[in-house]
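One structure is given here, and the rest of the page talks about it.
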Amino acid sequence: MDKTVAGKSHQNLGQLLVVSSLIFGMFFGSGNLIFPVHLGQLAGSHWFTAALGFAISGSLFPLLAILAVVITKSDGLFDLAKPVGRRYAALFLILVHLTIGPFFGTPRTAATAYEMAVQPFLPQRFSTVGMLLFTGLFFGAAYLLATHQNNLIKIVGKYLNAFFLAMLVVIFVVAFFNPMGSLNHVATTAYQTNATISGFLEGYNTVDAVALLALSVTFVHAVRGLGYHDRELTRLTARAGTLSIVLEILIYFGLVLLGAFSRSQMKLSDNGAVALSAIVGHYFSNFGTLFLGVLVTLGVFTTALGLVTSFAQDFHKLFPKISYLAWLRTTTFISFLVANAGLDTIIAWSLPVLMLLYPLSLALILSALTVAKRPYAGIVYKMTIAFTGIPAVLDMLNSAPQVVTQLAPVHAALALYHQVIPFASLGLGWLVPTLVGFTLGLVLGKLRMASEQTTVADNDRS
């Protein structure tokens, strides 16, 4: 009996670790590596408070996204957003998947891998051809692996992700035993007075809270494939998600420290990719560049695999007449084309869209975690999203290129927005309206339910 219990406990632990690794591997990609390093350089001596803010938006919110999907038993993003309305759910699903998928997120994985793993070793005259060949192989491999969904846990959880983490540990051990300098460096202006908020906003760039809403369908299916259902599925996914998020926070703090230490021997880099390359090159010389390239390629490939799979699954559910394989071919081909536009172009065009999607995603998560099973849930969802939508659009416009922000009507609207709405000038203008909409929805929902109960009681008496 003791051996049976011990064997079952060992099996449960093994499955917990595998599912945790799957979740981690699906959303920890290029942005999760490069943005914390740059954050450390920007924050200087305020690195700890900045890292706390980054951990909230880059780690806590993704965990809440996982729990929102599992608790509501949603079979994908469409089901999760359906209480707002079927049309909104369909539109939101399409917008999210196009953003984290073939228009921005998925191409960014291949473009990052190319610039950090291949381009440093390739003559400039072969750059275009090299990019074409590399992205073709990258997305070809992602397509082939995504056609075998039953092997997804084995591929991502046991092999690629384990190798990725082992390589990252080596960098941390070498760097922390021989730091580049002290942590006493003057922070940039934004981090001198609002380090936590600035770190919080920097965490948006990971796109994880948005991505986990979409990717959840993939790992929920994978966990069901292990034989878990209902409460067991909820419990396992919550525990695995928590474990993966804790690991991510530890890695974030390590990367932020790398960036903060680096300011002793290098100037502020243009972005985290440049900073991370310089740091690893400092410790491992020419071999470091190749080492980092392999590390990044492994990390972003697991993310790309999850993105193309989730895109195909959700779009097949939304448009069932088109097969899963057809959608898979579509997203991998478009991602291949967009990736060849280059990393800088992809990042430049993605920021305004993220400023729209993040508040809407957080509003959806808030509603799902609190009132999803209440009879008045629909009105709370609708009011919360409605009040979030306007500031989200204004934040999107505020992050748009100057050709948009300098238009007279847009400039006037943004000026009024920053003056009237609390925290708008800090990039958090959605916060108060979202809470107001949520509270108003609760009040109206409960009043409506009370009115319906009174009407039923009167009818019963008559």
Lysine pairs with alpha-carbon atoms under 19 Å apart, the chain, spacing 8 or more or separate chains: 9
Value of [θ]222 nm, deg cm²/dmol, for the chain, DSSP H segments ≥ 4, -39500 (n - 2.57) each, nearest 500: -26000 deg cm²/dmol
Order by protection proxy (mean Cβ within 10 Å, highest first), peptides 67-80, 251-264: 251-264, 67-80
Charged-residue dipole, Cβ positions (Lys, Arg, Asp, Glu), the chain about Cα centre, Debye nearest 20: 800
Distance between region 54-68 and region 119-140 - C-alpha centres, whole angstrom: 34
Sites residue 286 and residue 329, calculated FRET efficiency, Cβ-Cβ separation with R0 41 Å, nearest 0.05: 0.60
Relative exposure of 86, 108, judged by other C-beta atoms within 10 Å (fewest first): 86, 108
Separation of the residue 266 and residue 386 label points, Cα + 7 Å toward Cβ, nm: 5.1
Separation of alpha-carbon centers, region 357-417 and region 248-263, rounded to whole Å: 31
Estimated vicinal HN-Hα couplings, Hz - region 118-132 in sequence order (Karplus 6.51, -1.76, 1.60; Gly, Pro = x): 10, 4, x, 9, 10, x, 4, 5, 9, 4, 5, 5, x, 4, 4
Computed label-point distance, nm, for sites residue 147 and residue 231 using a 7 Å Cα→Cβ extension: 4.2
Cα convex hull of the chain, projected area averaged across orientations, nm²: 27.8
Karplus 3J(HN,Hα) series, Hz, for region 413-419 with 6.51 cos²θ - 1.76 cosθ + 1.60 (x for Gly, Pro): 5, 5, 4, 5, 4, 5, 7
Likely footprinting exposure, 349, 327, fewest C-beta neighbours within 10 Å first: 349, 327
Per-pair calculated FRET efficiency, R0 = 35 Å: residue 73 and residue 167 via Cβ, rounded to 0.05: 0.40
The chain: angle of helix 105-117 to the longest principal axis, Cα-based, in degrees nearest 10: 10
Tilt relative to the chain, helix 30-43 - C-alpha long axis, 0 to 90 degrees, to 10: 80
The chain: angle of helix 272-318 to the longest principal axis, Cα-based, in degrees nearest 10: 30
Selected from 415, 444, 388, residue furthest toward positive end of dipole (region 345-462; charges at beta carbon): 444
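Values in this text are rule-based calculations from the coordinates and carry no lab data. None of the values given here were measured: they were computed from a predicted structure. With ideal geometry, Cβ positions are generated from the backbone for all residues, glycine too; neighbour counts draw on all protein chains shown.
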